[in-house]
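First the structure, in the form of structure tokens, and then the observations on it.
The values are calculated or read from the model by the stated rules, or taken from the named source; none is laboratory data. Fair warning: this is a prediction, and the values are worked out from it, not measured in the lab. When we count neighbours, we look across all protein chains shown, and the Cβ atoms used for this are built from the backbone with ideal geometry, even at glycine. Areas reflect the complete protein model, heavy atoms only, side chains present, ligands, DNA and RNA absent. Shrake-Rupley method; radii C 1.70, N 1.55, O 1.52, S 1.80 Å.
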Amino acid sequence: MPLEAGLLEILACPACHSPLEERDTELVCTGQDCGLAYPVRDGIPVLLVDEACRPE
């Protein structure tokens, strides 16, 4: 389920504050040194560093 267009524009990575990019069921940080992936559960982004992982 895609996120609302305006929402993705204001969200940022909690770890490095870089923009996020939507991929399948997660939001991936676009920061060169970060690159964490945050899950999206039931259409709600879970922007907790403890919940993030490195995308495969």
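Just name the residue that is nearest to residue 18 (Cα to Cα) out of those in region 29-45 that are assigned to a strand (DSSP E or B) and among the aliphatic types (A, V, I, L, M).
Result: 37.
Conditions (1) out of contact with any Gly (no Cβ under 6 Å at 6 or more places or on another chain); (2) free of Cβ contacts under 8 Å to residues at least 60 places away in the same chain; (3) open to solvent by less than 80 Å² (accessible area, probe 1.4 Å), marked per residue:
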{"residue": "6", "(1), (2), (3)": "yes, yes, yes"}
{"residue": "12", "(1), (2), (3)": "yes, yes, yes"}
{"residue": "16", "(1), (2), (3)": "no, yes, yes"}
{"residue": "27", "(1), (2), (3)": "yes, yes, yes"}
{"residue": "34", "(1), (2), (3)": "yes, yes, yes"}
{"residue": "44", "(1), (2), (3)": "yes, yes, no"}
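For residue 21, indicate whether it is open to solvent by 70 Å² or more (accessible area, probe 1.4 Å) and at pLDDT below 90. Step through it out loud before you land on a result.
Working: open to solvent by 70 Å² or more (accessible area, probe 1.4 Å): yes; at pLDDT below 90: no.
Here the answer is no, as residue 21 does not meet what is asked.
For region 1-18, give me each residue that is over 14 Å from residue 51 (Cβ atoms), at pLDDT 90 or above and either of a type outside the set (A, V, I, L, M, F, W, C) or part of a loop (DSSP other than H, G, I, E, B) (or both).
Those that are over 14 Å from residue 51 (Cβ atoms), at pLDDT 90 or above and either of a type outside the set (A, V, I, L, M, F, W, C) or part of a loop (DSSP other than H, G, I, E, B) (or both): 11, 16, 17, 18.
Among the residues of region 41-48, is any of a type outside the set (Val, Ile, Thr) and touching a Cys at 6+ places or on another chain (Cβ under 6 Å)?
Looking for residues that are of a type outside the set (Val, Ile, Thr) and touching a Cys at 6+ places or on another chain (Cβ under 6 Å), one finds none in region 41-48, hence no.
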